[in-house]
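To start, the structure itself, in structure tokens.
The values are calculated or read from the model by the stated rules, or taken from the named source; none is laboratory data. Bear in mind the structure is a predicted one, so any value in this text is a computation, not a measurement. We place every Cβ from the backbone using ideal geometry, glycine too, and count neighbours over all the protein chains shown.
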Amino acid sequence: MNVTEPLPAKGEKRVLSDVRAPSRRLYLVVGVVLLSALVWGAYGRWQRDEAAIETQEATLNFLPELRVAIAREQHGPVVLSLPGTVLPFDQARIFARATGYVAERRVDIGSRVRAGDLLLRIAAPDLDHQLSEAQARLSQMRGALDQARAAVEQARSDAALADVTNARTLRLANQGWETKQNADNTRLGLASKLAAVTNAEAGVKVAEANVKAQEATVQRLLQLTEYEKVEAPFNGVITSRNVDNGDLVRADSGGTPLFAVQRDDVVRVQVNVPQSGAVGLQDGLPAKVHVPELPDRTFEGKVARNSEALDAASRTMLAEVDVPNPDGALRSGLYVTVEFGVPRPAPTVVVPAEALLFDGNGLRVAVVDDAGRVHLHNVSVYRDYGTTLELREGLQGGERVALTPPADIAEDQQVKVAAPPPDAKAATK
């Protein structure tokens with residue numbers, strides 16, 4: 001029963017005679033809230049403890065996952081791909097051997113010629129006059145030789161007559177029918193005639209020598225007149241032409257050549273072979289030539305010759321590959337790529353370049369056995385192909401090597417082998 005208290009009069013203080021106590025519902029709500037907070041905090045603490053335990057167990061039981069590749073043993077030849085330059089098999093720069101004017105030019109750059117074809121004709125009147133003069137002088141000298149031979153015959157006849165006269169006079173002088181003076185005259189006359197014979201014979205030799213010298217002069221001029229016709233030295237193509245009709249050319253000037261001719265039915269491809277491939281490179285080794293501008297064609301050739309010595313500056317050996325070129329597709333000066341299959345001196349093992357591990361212990365690779373344990377092998381690199389390495393020693397072939405292993409990987413460490421991607425599985429089938 002509620003009793004209503006009267007309002008206090010003006011100036012009097014109100015006294016509360018009855019204060020209401022809090023209800024139980026309020027205590028219950030406060031208790032539930034506090035209990036929920038305690039439960040939530042305990043649950044969070046439990047979750048954190050469980051996560052810490054899981055992290056600790058994962059750390060203690062962690063196995064690094066590594067990609068692996070199979071080390072391949074190589075027995076076949078070493079394939080070398082090297083840059084090369086195409087050169088003509090034969091090349092000639094043709095100069096003038098006769099002085100004169102170009103009277104006729106029959107070829108131009110790009111003209112196909114055969115050996116002996118007339119390329120150019122030179123008009124050389126001075127040379128022709130020299131030849132005519134030399135031939136006339138030769139005729140004179142041959143006439144002088146005939147005269148000298150006739151003089152020898154005359155001298156021999158005079159000597160024979162003097163010999164008969166001397167014999168007759170000497171016999172008569174011994175019988176007293178001829179004076180000793182006449183005998184001495186005939187004897188000395190015979191000696192004079194014999195000397196004349198010797199002199200005439202010497203004159204014949206001089207005339208013969210003059211004839212031979214003049215014949216050589218005529219032959220030389222005849223040869224020079226042959227050079228008035230410039231002919232192709234071999235089958236090929238004209239690659240350079242530096243004269244035209246009416247130009248003056250001089251013999252043996254050593255200046256600009258008249259033409260340049262190249263033989264291109266067979267070409268030489270020059271290659272500088274590095275030391276790693278020069279040891280096994282031999283004449284007769286097959287080679288393939290590729291031209292970047294002709295991607296659908298492969299030209300077959302063979303190593304024809306090599307320098308047998310390495311250049312001290314570049315450590316390379318010059319080799320030439322002869323390649324048949326019947327259609328002229330390979331042109332002089334082209335940049336090409338040449339592939340050789342150099343015989344391998346001994347079997348080697350090839351691994352990916354990312355398998356190499358370099359630290360304070362040197363060059364090593366990590367081999368993963370069937371149980372998933374790591375074994376570190378020291379290796380030595382024979383050839384570096386960029387993406388792959390050819391090892392000289394350290395592996396036998398067939399081992400599983402780890403790719404990009406961590407720097408702190410240790411011997412006998414347990415690891416997990418990562419599954420290969422789907423494309424790698426398809427590639428291995």
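Out of 305, 315, one residue alone is more than 13 Å from residue 271 (Cβ to Cβ), charged (D, E, K, R) and surrounded by 11 or more Cβ atoms within 10 Å (Cβ to Cβ). It is 315. Only residues that are of a type in the set (A, V, I, L, M, F, W, C), assigned to a strand (DSSP E or B) and out of contact with any helix residue (DSSP H, G or I) (no Cβ under 6 Å at 6 or more places or on another chain) were counted across region 337-364, and they come to 9. For residue 119, the stated conditions do not hold, so it cannot be described as outside any loop (DSSP other than H, G, I, E, B), touching a residue at least 60 places away in the same chain (Cβ under 8 Å), within 30 Å of residue 306 (Cβ to Cβ) and aliphatic (A, V, I, L, M). Taking region 229-319 as the region of interest, the strands (runs of 3 or more DSSP E) fully inside it that hold 3 or more residues being under 24 Å from residue 89 (Cβ atoms) are 236-241, 259-274, 286-291, 294-310.
Residue 375 meets each of the listed conditions (1) over 30 Å from residue 285 (Cβ atoms); (2) touching a residue at least 40 places away in the same chain (Cβ under 8 Å) apart from (2). Within the option set 66, 80, 87, 16, being over 30 Å from residue 365 (Cα atoms) and at pLDDT 75 or above holds for one residue only, 87.
Counting the residues of region 312-334 that are under 18 Å from residue 274 (Cα atoms) and not aliphatic (A, V, I, L, M) gives 4. Of the residues 243, 211, the single one that is touching a strand residue (DSSP E or B) at 6+ places or on another chain (Cβ under 8 Å) and surrounded by 15 or more Cβ atoms within 10 Å (Cβ to Cβ) is 243.
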